[in-house]
Amino acid sequence: MLRLGTLELECPAVMGILNVTPDSFSDGGRFVARDAALRQAELMAAAGAAIIDVGGESTRPGAGSVSEQQELDRILPAIDAIRDVADTPISVDTSKPNVMRAAVIAGAAMINDVRALQVDGALQAAIELDRPVCLMHMQGMPRTMQKEPAYDDIVVEVGSFLRQRVAQCRGAGLNRDLIVIDPGFGFGKTHVHNIELLANLRELRDIGQPMLVGLSRKSTLGELTGRNVEERLSASIAAAVLAVMQGVHIVRAHDVAETVDALRIADAVMEAGERR
């Protein structure tokens with residue numbers, strides 16, 4: 001059991017992705033309408049999602065920013081709708097402090113921030129809201145992050161950033177028990193970087209915080225398999241299992257039912273190994 005403040009998740013946990021955006025890389029536009037978002041949330045909850053992550057601003061490579069009001073107009077109806085039909089906790093995928101506040105008031109139980117609370121006012125908002133928050137590593141910003149990202153040692157540098165960011169957030173008053181870390185696959189990283197990170201996730205465990213990863217349908221999986229984005233289910237599941245077997249607690253996924261099944265097998269095998 002993973003306890004993040006008052007939020008409790010059976011681990012490994014699957015975070016279902018619900019993008020209420022017109023331009024997300026995998027499912028842009030499919031769930032913009034309230035009814036479509038509601039149906040997808042119901043399906044993910046029934047399939048075993050431990051949490052549903054609602055995002056109103058695309059962070060795909062090259063994506064532009066949206067206004068605070070646009071983001072609110074997208075996510076708040078979705079959060080309201082989900083609360084009406086499912087008990088599954090809701091996460092809000094945002095970097096804007098006022099969106100964080102409005103989402104939590106509407107019922108969000110967690111904040112998932114690709115900018116690791118570095119936007120002005122975001123850290124203070126997270127402290128005030130007292131909700132679990134995921135801090136992600138990203139080199140650059142979505143619009144430019146895939147333009148020649150470079151590292152001397154990807155694992156060391158990502159780990160150093162996350163370690164420093166956790167320390168900074170704790171120093172400002174954020175409860176350590178509320179912090180989750182995410183190495184940020186695909187966010188300012190080449191395919192080679194992503195594979196090296198996936199191969200060495202265990203090295204990030206000594207940061208001492210629960211870890212979340214998002215590998216579902218990512219372009220690196222397409223590069224390795226030659227599959228289009230809609231055909232990356234098997235690759236996404238393989239990556240999720242590899243991550244969990246290195247100590248990852250939460251997997252962010254589009255295909256919830258299949259990922260839940262795969263992680264149940266992985267978890268049973270790891271438990272059996274620990275008993276010997």
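Okay, here's what the table says:
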quantity: Boolean, Ser65 is buried (at least 22 other Cβ atoms within 10 Å of the Cβ), among the polar types (S, T, N, Q) and closer than 26 Å to Gln139 by Cα; calculated: no
quantity: Segment 43-99, subset among the aliphatic types (A, V, I, L, M) and touching a Pro at 6+ places or on another chain (Cβ under 6 Å), residue nearest to Asn112 (Cα to Cα); calculated: Ile51
quantity: Checklist (1) under 20 Å from Arg252 (Cα atoms); (2) crowded, with 24+ Cβ neighbours inside 10 Å; (3) at pLDDT below 95 applied to Glu71, failing item; calculated: (1)
quantity: Residues of segment 93-111 satisfying the condition of being under 16 Å from Ser67 (Cα atoms), of a type outside the set (D, E, K, R) and free of Cβ contacts under 8 Å to residues at least 40 places away in the same chain; calculated: Thr94, Ser95, Pro97, Asn98, Met100, Ala102
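So that you can scan it fast, the table gives a plain yes or no per residue for (1) surrounded by 15 or more Cβ atoms within 10 Å (Cβ to Cβ); (2) modelled with pLDDT of 95 or more; (3) part of a helix (DSSP H, G or I):
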residue	(1), (2), (3)
Gly171	no, yes, yes
Gly184	yes, yes, no
Ile195	yes, yes, yes
Leu198	yes, yes, yes
Leu224	yes, yes, yes
Glu230	no, no, yes
Val260	yes, yes, yes
Glu274	no, no, yes
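The values are calculated or read from the model by the stated rules, or taken from the named source; none is laboratory data. It should be emphasised that the depicted structure is a prediction, and the values quoted were computed from it without experimental measurement. As a convention, Cβ positions derive from the backbone with ideal geometry for all residues, glycine included, and neighbour counts pool all protein chains shown.
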